[in-house]
Amino acid sequence: MLDTYYLCEKPFDGELNDIFRKLSARSQDEKAAVETILNEFFTLTEQGWTHKRCQLEIESYRMKAEHSRANGMKGGRPKKQTETKEKNPEGTQEKPAGFSTETQVEPNQKLTINSETKEPETKEPESNEEDDFFSPAPVKRFRKPTMEEVEEYARLVGATRSDGQVMWDHWEAGGWKRGNQQIKCWKAAFRSWQRQGWLPSQKQAALDKPKIDWRNTL
């Protein structure tokens with residue numbers, strides 16, 4: 001109903017039959033609903049059934065349209081005046097082009113003046129402990145140990161120096177890889193072999209252990 005009001009841009013005629021025809025109200029229920037809305041939200045004047053809010057919107061639209069039409073006849077919206085500044089005022093000399101001889105400072109560096117030499121110095125920014133905490137730890141590159149280092153570590157963990165020699169030869173022959181992956185910590189790999197009982201001294205101790213013949217105990 002409001003769409004029809006805005007489309008016509010004028011109040012409804014005073015005749016209800018004309019209003020019913022414009023709104024396509026054919027049944028008795030539809031006509032009764034239209035009449036109820038007119039009596040509750042519209043006002044009957046000499047021009048017809050008017051709606052206060054709709055009239056204000058229509059008047060505002062007409063004022064904007066008239067303003068736009070007037071600007072169009074003048075050649076469009078007036079352009080803003082831009083202030084132009086002189087690039088080289090009188091009494092000044094233009095700076096010669098070329099590379100600057102001043103000290104270039106990185107964005108994260110500070111420029112300070114040495115009181116003794118009177119020369120500029122760049123100061124590295126202080127490290128932030130919070131940023132260092134959340135930054136990833138540097139990746140340590142694997143360093144291949146010597147045979148003496150593996151022998152000494154075998155002695156420290158309760159194995160024999162011979163175990164250290166055998167493990168060093170084993171890893172050296174395999175390119176210091178565990179399967180298809182590079183060994184990251186040879187000490188952890190040594191302890192893993194020790195826990196599994198795979199060291200040569202452990203295997204020999206298992207073979208030298210006397211076997212009990214349970215048939216003689218029965």
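Things worth noting here:
- Close amide H partners of F12, meaning residues 5 or more places away or on another chain with modelled amide H under 5 Å apart, are W49.
- FRET efficiency, 1/(1 + (r/R0)^6) with R0 35 Å, evaluated for L7 and E46 via beta carbons: 0.95
- When each of K187/K211; K10/K64; K177/K203; K144/K203; K10/K74; K31/K52 is checked by Cα-Cα distance, pairs over 28 Å: K187/K211; K10/K74
- Gain in span if fully extended, E57 to R21, counting 0.36 nm per residue against the direct Cα distance: 10.5 nm
- Distant-in-sequence amide H partners of I183 (H built 1.01 Å from N, under 5 Å): K177, R178
- Calculated from backbone phi, Karplus (6.51, -1.76, 1.60) coupling profile of the stretch 175-190 in Hz, x at Gly/Pro: x, 6, 10, 10, x, 9, 10, 5, 5, 8, 9, 5, 5, 5, 5, 5
Each value in this text was obtained by applying a stated rule to the coordinates, not by laboratory testing. As the structure is a computational prediction, the values presented were derived from the model and not from experiment. Glycine also receives a Cβ, built like all others from the backbone with ideal geometry; neighbour counts cover every protein chain displayed.
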